[in-house]
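The values are calculated or read from the model by the stated rules, or taken from the named source; none is laboratory data. Note that the structure is predicted; figures quoted are calculated from it, not measured. All Cβ positions, even for glycine, are placed from backbone atoms using ideal geometry, and neighbour counts span all protein chains on display.
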Amino acid sequence: MDEIKKFRTEIDKIDKELVLLLSERVKLSEKIGAEKKKKSLPVDDPSRQAEVFEQVLSEAKKSGISDELVRPVFNLIVSHSKARQNELMQKAVPARKAPEPSGAKVAVLGPQGTFSEEAALKYFGKPSLVYSQSIQDVFRSLDSGDPGFAVVPVENSLRVLLQRPLTAC
């Protein structure tokens, strides 16, 4: 067996272990979500999230792995955990009645598939969505009176600050 094939076989084994560990992590996160639901605690826990990042970045540094690799991976893992916990929280909670009938025109940030779109669909039912390229564009369209509603992110899960202050509201 040549060396490349041998290394690839080892990588395949590690990848399998990573998937199994992620599966265990997801299950534990779901259990935490169930406990939060019982205790009426919010899904988002910024101090715990900061603690997780501090721990994993410290371990990465000790292991010689860069922040540029570890931070996005754990951003995705934490985001998935929070999304899954939110799903669990919503299952027993009756859906809110939309403030407008389905078909309300709602401006959202981004292309299709963004969390802004997801939030608008959850809250408004079946709105007519207007996609905007920036938060400022969302507010500009709202200022024009058409659409009558807008959904924008207040923060994002990648810990990237929303740079421009929002003075349109």
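Could you grab the pairs with beta carbons closer than 6 Å, sequence gap of 6+ or different chains, first residue in segment 46-63 and at negative phi, second one assigned to a helix (DSSP H, G or I) and among the small types (Gly, Ala, Ser)?
none
If Tyr131 satisfies every condition in (1) surrounded by 12 or more Cβ atoms within 10 Å (Cβ to Cβ); (2) modelled with pLDDT under 85 but one, which is the exception?
Just one mismatch for Tyr131, condition (2).
So is Ala107 at pLDDT 85 or above, crowded, with 16+ Cβ neighbours inside 10 Å and small (Gly, Ala, Ser) or not?
Values: at pLDDT 85 or above: yes; crowded, with 16+ Cβ neighbours inside 10 Å: yes; small (Gly, Ala, Ser): yes.
In short, yes.
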